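Participant: Here you go, one structure.
The values are calculated or read from the model by the stated rules, or taken from the named source; none is laboratory data. Since the model is a prediction, treat every value here as computed from it, not as a measurement. In this analysis, Cβ positions are derived from the backbone assuming ideal geometry, glycine residues included, and neighbour counts consider all displayed protein chains.
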Amino acid sequence: MEVNRLQLSDEKSIYLQIEEMIEDQILRGILLEEERVPSTNELSRMYAINPATAAKGLNLLVERGILYKKRGIGMFVSAGAVKQIVAQRKSNFYKQYVVGLAAEANVLNITKDELLKMVSSAMEGKSTL
């Protein structure tokens, strides 16, 4: 199991960064469904953090059904974890970005077609302005 190093920041709680890192590794195929994830102790040594902090991040994923525990063996990626993470992140993306984008477009009298063209250009790496 290849685990990429996380650069911890002060922008959000460490346990949330651990949760997000594990999710990212699942989405990128670094951690596969039914594969063991790093233990609390491994994460605490890897990032020089308190084991309780690492456990809190992992337990959030267990509560959501992304990970499951095998007694005495460790935590594993659940079947269907990728699909579940993608669905949750799409929902968050819509709420955090799309709703605000549409509201601002309405304020600026940007038509739906103009907005779609702008988004399409941005996704292709082009500038429309």
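Participant: For a quick check of your reading of the model, give me the residue pairs whose first member lies in the range 110-121 and is in a helix (DSSP H, G or I), whose second is of a type outside the set (K, R) and modelled with pLDDT of 95 or more, with beta-carbon atoms closer than 7 Å and at least 6 apart or on different chains.
Facilitator: L115/A105
Participant: If we keep just the residues of the range 1-10 that are among the charged types (D, E, K, R) and closer than 18 Å to A48 by Cβ, which is modelled with the lowest pLDDT?
Facilitator: Result: R5.
Participant: For the range 40-57, does any single residue satisfy the condition of being touching a strand residue (DSSP E or B) at 6+ places or on another chain (Cβ under 6 Å), of a type in the set (S, T, Y) and outside the structural domain of L116 (by TED's automatic domain parsing)?
Facilitator: no
Participant: In contact (Cβ under 8 Å) with a residue 24 or more places away in the chain and over 21 Å from K12 (Cα atoms): is that true of G74 in this structure?
Facilitator: It is true that G74 is in contact (Cβ under 8 Å) with a residue 24 or more places away in the chain and over 21 Å from K12 (Cα atoms).
Participant: For the range 34-82, give me each residue that is small (G, A, S) and closer than 13 Å to E23 by Cβ.
Facilitator: Across the range 34-82, the qualifying residues are G57, G65, S78, A81.
Participant: With A105, A54 as the choices, which residue is more than 30 Å from D10 (Cα to Cα), surrounded by 12 or more Cβ atoms within 10 Å (Cβ to Cβ) and of a type outside the set (V, I, T)?
Facilitator: Values: A54 fails: more than 30 Å from D10 (Cα to Cα).
Result: A105 is the single residue among A105, A54 that is more than 30 Å from D10 (Cα to Cα), surrounded by 12 or more Cβ atoms within 10 Å (Cβ to Cβ) and of a type outside the set (V, I, T).
Participant: Select, from I26, I14, I30, the only residue that is surrounded by 14 or more Cβ atoms within 10 Å (Cβ to Cβ), among the β-branched types (V, I, T) and within 17 Å of Q88 (Cβ to Cβ). Reasoning before the result, please.
Facilitator: Values: I14 fails: within 17 Å of Q88 (Cβ to Cβ); I30 fails: within 17 Å of Q88 (Cβ to Cβ).
Among I26, I14, I30, only I26 is surrounded by 14 or more Cβ atoms within 10 Å (Cβ to Cβ), among the β-branched types (V, I, T) and within 17 Å of Q88 (Cβ to Cβ).
Participant: May I ask you to list the residues in the range 34-46 that are buried (at least 19 other Cβ atoms within 10 Å of the Cβ) and either more than 18 Å from the chain's Cα centre (by Cα) or in a helix (DSSP H, G or I) (or both)?
Facilitator: Of the range 34-46, the ones buried (at least 19 other Cβ atoms within 10 Å of the Cβ) are 37-38, 40, 43.
Correct list: T40, L43.
Participant: Pick from L101, L116, L60: which is modelled with pLDDT of 95 or more, among the aliphatic types (A, V, I, L, M) and either closer than 25 Å to L31 by Cβ or over 22 Å from the mean Cα position of the chain (by Cα) (or both)?
Facilitator: On the way: L101 fails: either closer than 25 Å to L31 by Cβ or over 22 Å from the mean Cα position of the chain (by Cα) (or both); L116 fails: modelled with pLDDT of 95 or more.
Unique residue meeting the criteria: L60.
Participant: Determine, yes or no, whether I22 is at negative phi, assigned to a helix (DSSP H, G or I) and not assigned by TED's automatic domain parsing to the domain that holds L115.
Facilitator: In short, yes.
Participant: Oh, and also: Any idea which of G65, G125, G29 is assigned to a loop (DSSP other than H, G, I, E, B), on the phi > 0 side of the Ramachandran plot and modelled with pLDDT under 95?
Facilitator: The match here is G125.
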